[in-house]
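What follows is one structure encoded as structure tokens, with my remarks underneath.
The values are calculated or read from the model by the stated rules, or taken from the named source; none is laboratory data. All of these numbers come straight from a predicted model, not from anything done at the bench. Glycine gets a Cβ as well: all are built from the backbone with ideal geometry, and neighbour counts include every protein chain shown. Only protein heavy atoms, including side chains, enter the accessible area calculation; ligands, DNA and RNA are left aside. Shrake-Rupley method; radii C 1.70, N 1.55, O 1.52, S 1.80 Å.
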Amino acid sequence: QAVLSSAGDSSISGRGKGQPQFATMFFSSCGACSSLPSAGLSACGSVVGPAPPVQHDEDCGTPFGLRTSEEVLPCSTRQAFSACSSAPRALEDCSTACSSPRTVPLNSSEGKVHMIICALDYAKTRCPLSCTMDGDNMLELAQLCSASVEKLYNEKATVANVSKLIQQVGARCGPNDYFVFYYAGHGANLPDQDGDEEDGQDEAFCFVNEDGQVSSSSWLRDDDFARMVTSSVHADTKIVILADCCHSGTVADLNKPIWNGYQAISVTGCKDQQTSRDTGNGGIFTHSLLIAIDGLANRERGNYSAEELFQEMLTVDDIVFSSAQDITMKARPSPKMAWPLVPPGKYVAPLGKVVGVTHGRESAPFSPRFALGSTTS
């Protein structure tokens, strides 16, 4: 369903309607941080004095939404993931922009794709994730599409570095180009500072400081993120924001007046009050995105809209993961924007390389048996 708000943005969300026992088998509730006291922690494992008044995640009791990192896959499947996940890391380091950004072949007026990838594993905290796997998988896709890519991983993903990179990449974007911002990590709710949130909560990306630690001072609030992007990116540049994190439904604040005059979409892992799941080998959201692109490629869909891709992602989440999170899309003025990252020729999603999940043209879209790593015995 789609709802058109007074600000002129479309909001769509969906949830897998499949068998809930699949999610129970594939994911357990977060146990990584359940023993941590909330007092004295502003974020996972970072002692900074009295805790700020932030919303606690119901699954793990931490002061931010945790993508659970507990692995419940059979050993053979985890080993297969590990073997496969090293492949994207062998790709050329994109710390500087690729020399030949892809021109999107949707029509003659479309421009180049400029992308930022931020991914954090929080290895120096007590709540680690597997988000750099997501970052590597997105990097592989972007390189296949000849996008210009910059990345910030782990300790390099500070608010100061993110702000600087948004300015630099935004300055390269011209009319009809695409600015794509991808984030995989923890997400948080914070008390609203300016009264612009109906639920009284701002959303935030949980970046780290230079030591890899997390505190409220290292987070990037949605209001500040929106200002960074709109002040750095040309109004005639198409903007795509992808967030694989908890509490992310309105993390781009696309319904706010600051976005007036922009063409922008955000696709996120869940609603503001929900958590997004980490499989131990990347997030459900990112895997759903990549399997959806795989499926559209297999059906020889050369060009498609962001809305079409989003609907495909809902099908993936339903059949493969049957997750409790509602993958969400918001857009202004319309979700009909052409999707910019369409790999040429055949594309196989990372999960398909590992456990045989495919989205073929002639057979049932997926086999949850493969996705869950279960055996026939």
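Observations on the structure shown:
- Pairs are defined by a Cβ separation below 6 Å, a sequence spacing of at least 6 or placement on different chains, a first member in segment 225-245 that is closer than 23 Å to residue 336 by Cβ, and a second member that is of a type outside the set (A, V, I, L, M, F, W, C) and in a strand (DSSP E or B); the pairs so defined are 238/178; 238/263; 241/266; 242/182; 243/183; 243/268.
- Pairs where the first residue, in segment 327-346, is more than 25 Å from residue 276 (Cβ to Cβ) and the second is open to solvent by 40 Å² or more (accessible area, probe 1.4 Å) and hydroxyl-bearing (Ser, Thr, Tyr), C-beta under 9 Å, 6+ apart: 344/146
- All positions within segment 157-193 that are assigned to a helix (DSSP H, G or I) and in contact with a strand residue (DSSP E or B) (Cβ under 9 Å, 6 or more places away or on another chain): 159, 161, 162, 163, 165, 166, 168, 169, 170, 172
- Inside segment 126-152, residues that are hydroxyl-bearing (Ser, Thr, Tyr) and within 14 Å of the chain's Cα centre (by Cα) make up a count of 2.
- You will find that of 148, 231, the residue that is surrounded by fewer than 17 Cβ atoms within 10 Å (Cβ to Cβ), of a type in the set (S, T, N, Q) and under 27 Å from residue 333 (Cβ atoms) is 231 and no other.
- Residue match in segment 309-319 (condition: more than 26 Å from residue 263 (Cβ to Cβ), out of contact with any Cys (no Cβ under 7 Å at 6 or more places or on another chain) and of a type in the set (A, V, I, L, M, F, W, C)): yes
- Selection within segment 157-208 - surrounded by fewer than 21 Cβ atoms within 10 Å (Cβ to Cβ) and in contact with a Leu (Cβ under 6 Å, 6 or more places away or on another chain): 159, 161
- Residue match in segment 244-266 (condition: closer than 25 Å to residue 349 by Cβ, open to solvent by less than 20 Å² (accessible area, probe 1.4 Å) and of a type in the set (D, E, K, R)): yes
- Residue check, residue 213 more than 25 Å from residue 290 (Cα to Cα), touching a strand residue (DSSP E or B) at 6+ places or on another chain (Cβ under 6 Å), open to solvent by 40 Å² or more (accessible area, probe 1.4 Å) and outside any strand (DSSP E or B): yes
Table: residues versus (1) farther than 16 Å from residue 119 by Cβ; (2) among the hydrophobic types (A, V, I, L, M, F, W, C).
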| position | (1), (2) |
| --- | --- |
| 144 | yes, yes |
| 167 | yes, no |
| 173 | yes, yes |
| 178 | yes, no |
| 181 | no, yes |
| 189 | yes, no |
| 194 | yes, no |
| 200 | yes, no |
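- Flag for residue 179 being over 30 Å from residue 345 (Cα atoms) and among the aromatic types (Phe, Trp, Tyr): no
- Among the residues of segment 225-254, the ones that are modelled with pLDDT under 95 and assigned to a helix (DSSP H, G or I) come to 0 in all.
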